[in-house]
Structures are given as structure tokens and as C-alpha cells.
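The values are calculated or read from the model by the stated rules, or taken from the named source; none is laboratory data. Model, not experiment: these values are computed from the prediction. Ideal geometry is used to build each Cβ from the backbone, glycine not excepted, and the neighbour counts take in all protein chains shown. Heads up: the accessible areas ignore ligands, DNA and RNA and are worked out on the full protein's heavy atoms, side chains in. Shrake-Rupley method; radii C 1.70, N 1.55, O 1.52, S 1.80 Å.
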Amino acid sequence: MNTGARTNDKMRTGPAVPGAVLHLSLVVVAAVGAVLLIPVAGWQFIVVGTALLGMLFPQSLGGWLSIVCVAIGMLMADPGIWQAMVAVAVAHIMCALCTLLPLVPWRGRVVLRALRPGLYRLLAVQAIAQPLTVAAMLVQREDGFGLAALAGAVAAAAFAVLFLLRTGVGSPRS
């Protein structure tokens, strides 16, 4: 009679991250985005507070509300190009985290390999969105540089799309 666990009864999953880290990362990303993008301290607290709500109760949609609050807070200043690019990245990262949080228990562990396809999709979308963000910000300029920047950004985005299609990133097989 075998009373102990056998050595082959263990499952090896590879490196994993605690679920709490994913939950806390929503608040960290929201706080960094608020500090970098919003000039009014009250709105910074609102962004972090709604992210906390989304972290503690993912079904409350507080994380999504935090993304909206970042956008509203940015209206209080005239954002530069780098701020617009950071805002696009912060909103996208927060969106990805808000999608994951209802699925990941606080005490659970998430294998890093399972997060890889989502990371690839995030990078693929950013490779397209960032040049378009630069184009949108430069088109607003009045010195004639805007149209040249738009053409360059469209070319960069087209290159990114073709590159991603060629490599198969984001396909069901990856």
C-alpha cells in the first residue's frame, strides 16, 4: 500500500506569476499613467481609486472606468506627442488587464507561457497604434510638417501590419 505521493504525481508548469501580481498591476499602471498624463491631483486620485475598485471587484467595471477617467483627465491639458503615445499604451495595457482580472483568482497562479499570446497581441496592436498616434498628433501642426509625418506614420503602420502578417503573430497557432 502506497501512503505517500509518488514522484511522478507532480505537475510541472514552468514559471508562473501569482494572481495578485496581475490584480495589483492594474493599479500600478493606472497610477503611473495618472502621474504622467494628468496635471490635476484630484483626477489622479480618481483614476487610482477607480482602478482600486476594478482591482478589488473586477465585475464592477471600475478598471474600465479608470481608463475613461484617464482620458477625461488628459483634457485638462494640451497633451504633447509623448503624452499621447503613453496614453495609448496605458489605456491598452489597462484594457488587457481588465479583461484578465475576472478570470484570474487572487490566490491562483498564472503560467507565464499562458500570458504570451496576449503579450504578442498587445505588442502587435501597439506597433500599429503608436505610429498612427504620432501621425494624428503631427497632423495638427501648422508648419506643414503634419502631412509628411502622416505619410511616414501610415507607411510605418503598413510595414508593421505586413510584418505581423508575415510572422504570424496573433494567429491562433502562435
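Of note:
- The number of residues in region 36-61 that are more than 28 Å from residue 80 (Cα to Cα), open to solvent by 50 Å² or more (accessible area, probe 1.4 Å) and out of contact with any Ser or Thr (no Cβ under 7 Å at 6 or more places or on another chain) comes to 5.
- Close pairs from region 73-86: first in contact (Cβ under 8 Å) with a residue 12 or more places away in the chain, partner of a type outside the set (Val, Ile, Thr) and in a loop (DSSP other than H, G, I, E, B), Cβ under 7 Å, at least 6 apart: 76/39; 77/39
- Evaluation of residue 151 against the conditions (1) modelled with pLDDT of 80 or more; (2) loosely packed, with under 15 Cβ neighbours inside 10 Å; (3) assigned to a helix (DSSP H, G or I) shows that the sole unmet condition is (1).
- Whichever residue in region 100-131 is open to solvent by 80 Å² or more (accessible area, probe 1.4 Å) and part of a helix (DSSP H, G or I) and, among such residues, is nearest to residue 61 (Cα to Cα): 103
- Single residue of 13, 3 found to be in contact with a Lys or Arg (Cβ under 9 Å, 6 or more places away or on another chain), modelled with pLDDT under 90 and among the β-branched types (Val, Ile, Thr): 13
- Residues satisfying the stated conditions in region 35-50, i.e. among the small types (Gly, Ala, Ser) and at pLDDT 95 or above: 49
- Tabulated pairs, region 97-124, first without any contact (Cβ under 8 Å) to a residue 24 or more places away in the chain, second surrounded by 13 or more Cβ atoms within 10 Å (Cβ to Cβ), C-beta under 7 angstrom, 6+ apart or interchain: 118/96
- Scan region 62-99 for residues that are more than 17 Å from residue 20 (Cα to Cα), of a type outside the set (A, V, I, L, M, F, W, C) and open to solvent by 60 Å² or more (accessible area, probe 1.4 Å) and the total you get is 1.
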